[in-house]
Every structure is written in C-alpha cells, then in structure tokens.
Amino acid sequence: MSLDTLAFAGGFQKPVFEAQAVFRTLMDCMARPGMIGDIAATVTPPRPLTPAAGAVALTLCDHDTSIWLTPALAASALPGWLAFNAGAAIADERQNARFAFIEKGAMLPNFCLFAQGTQEYPDRSTTLVVEIEAFEGGRPLALTGPGVRTEEEIAPVGLPDMFPQFWAENRQKFPRGVDLILVAGERVLCLPRTTIISVKEA
C-alpha cells in the first residue's frame, strides 16, 4: 500500500467502545504504577508503530493535542493516519508536544527535552508513549510512591541503562515533569512522575 492508502486504513472498528476500554485501562494503570494492563487493539497503524501503541494514540490524541514523533515514525504514513483518525497535528519541536511516541528500538531522548509543564499548570507537560521489548527479563526496578501499596517490581527490556538517572532527574522537578506509558506487545504499564524508581540489587 502507498503512504496515502495506509493513512486512511486501520482505525478503531468501534471507536467509542474501544477508546473507552483503552482509556479505562490507561487510567487504572496510571493510578496503580507497576500494574500491567492489556489492550486488545483492533487498530493497525502504519509501521513501525505497533497496534497497542496505535490504540493509545487514537484514545488520547485529538485535534487539540500536538504529537512529536521519532524520525522513523515521522517518515512513515503515521502522521497522515493520526490526522485522519484522530485529527491530531504533528509538532516539530518536542517542547510543543502533549504526547510523544517512540517506537521499539529507537533511542529514548532525555526527558528534559520535552515540555515539563509549569508550577501553576504541571499538566502542560509531555506524556511519552515508549515501546519496549517486554516487562520481564531485564534489570529489576523497584517502584514505590503514590498508588503503590508497598513496592512493585518490574524488569523491563528495551529501556536504556541511563533510564533510572533520567527518571530521578524527572522527579526532582515535581510537580513539573513528564509521565510515561510503556507498551510491550499488547500490554501497557504507566509511570506517573510521582513514582519513585530505584535499581534493585542482585
């Protein structure tokens, strides 16, 4: 298919019901950091974005949200797909984006490069949707903070070694800072800026 053809195909089959289901999953995961939710996505976004990440995009993005894409995503049919299915525009600068999408295997930029919000309006920050390989099998990370009863442990595969440092710097700016949505296959895990992440000792 041509880029133009891909832009008009692969949206939600039942937009209202499916978007509501994805939204509930994301809100539950954001309220309980470390909890893994399932997204039964029927969307087929242009590659290299995966269906679950595409479902997140169509759920959260609309004509009032600007989106930053990695070079690989920006060069695909994804900008047209997002414009047709969500009415969302692509931001040239990270600082102007409400959402950023990073495909599996792409370099994760430092969080300070994105919009951080302000003391008065901390919600005017960027939420990053980052695709990774898996939530198990990597370096163990301990999650504590609001929404975590005692401690949760994740072991993501696909985040850079510098991730704990990126996150510690992000938390220092509270209430400003970015939030993170991790996507692995059809599963999703959310890390709000309130979450404390530490590397677990072997």
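The values are calculated or read from the model by the stated rules, or taken from the named source; none is laboratory data. Computed from a prediction, not measured in an experiment: that's the story for all the values here. Here the Cβ is made from the backbone with ideal geometry for all residues, glycine too, and neighbour counts use every protein chain on show. For accessibility, only protein heavy atoms count, side chains too; no ligands or nucleic acids. Shrake-Rupley method; radii C 1.70, N 1.55, O 1.52, S 1.80 Å.
Using a 4.7 Å Cβ cut-off, which Cys residues in the chain lack a partner cysteine?
CYS61, CYS112
Name the shape class, rounded, prolate or oblate, that the alpha-carbon gyration tensor gives for the range 44-159, where a ≥ b ≥ c are the square roots of its eigenvalues, rounded holds for a/c under 1.5, and otherwise prolate holds if a/b is larger than b/c and oblate otherwise.
Taking the square roots of the gyration eigenvalues as a ≥ b ≥ c, the range 44-159 is oblate.
Leaving out ligands and nucleic acids, and using a 1.4 Å probe, what accessible area per residue does the chain come to in Å²?
Details: 10050 Å² over 202 residues.
For the chain, the solvent-accessible area averages 50 Å² per residue.
Put +1 on the Cβ of every Lys and Arg and -1 on every Asp and Glu Cβ in the chain; which of GLY10, ALA134, VAL199 then has its Cα farthest towards the positive end of the dipole?
It is VAL199.
Go ahead and run the numbers for FRET between ALA40 and GLU120, Cβ-Cβ distance against an R0 of 22 Å, rounding to 0.05. Each step should come with its number before you reach the end.
On the way: r = 39 Å, r/R0 = 1.75.
Step by step, r from the Cβ atoms, then E = 0.05.
Between THR144 and CYS112, what FRET efficiency comes out of the Förster formula 1/(1 + (r/R0)^6) with R0 = 22 Å and r the beta carbon distance, rounded to 0.05? Present the calculation step by step, with values, prior to reporting the outcome.
On the way: r = 23 Å, r/R0 = 1.04.
E between CYS112 and THR144, to the nearest 0.05, is 0.45.
Looking at the chain, which longest stretch skips every one of the GluC sites (Glu not before Pro) that is in a DSSP loop with at most 11 other Cβ atoms within 10 Å, leaving the sites themselves out?
So the longest stretch without any such site is 1-92.
Can you tell me how much longer the chain between PHE23 and ASP92 gets when fully stretched, taken as 0.36 nm per residue apart minus their C-alpha distance, in nm with one decimal?
Difference between extended and current length: 22.2 nm.
Evaluate the charge dipole of the range 75-202 about its Cα centre and quote only its size in Debye, nearest 20, assuming +1 on the Cβ of each Lys and Arg and -1 on the Cβ of each Asp and Glu.
300
Return the loop-located chymotrypsin sites (Phe, Trp or Tyr not before Pro) in the range 1-105 (DSSP other than H, G, I, E, B) with at most 16 other Cβ atoms within 10 Å of their own Cβ; answer none if there are none.
Sparse-neighbourhood loop chymotrypsin sites (Phe, Trp or Tyr not before Pro): PHE8.
Please compute the length gained on full extension between ARG47 and ILE196, using 0.36 nm multiplied by the number of residues separating them and subtracting their Cα-Cα distance.
50.4 nm
For a label point 7 angstrom out from the Cα of ALA83 toward its Cβ, which stretches of the range 53-70 have the backbone nitrogen within less than 14 Å?
63, 67
Probe radius 1.4 Å, ligands and nucleic acids ignored: give me the carbon and sulfur share of the accessible area of the range 1-144 as a rounded percent.
Roughly 55 percent of what the probe reaches on the range 1-144 is carbon or sulfur.
If we count trypsin sites (Lys or Arg not before Pro) as exposed when they sit in a DSSP loop and have at most 14 other beta carbons within 10 Å, what is the longest stretch of the chain that avoids them all?
The reported range is 1-123.
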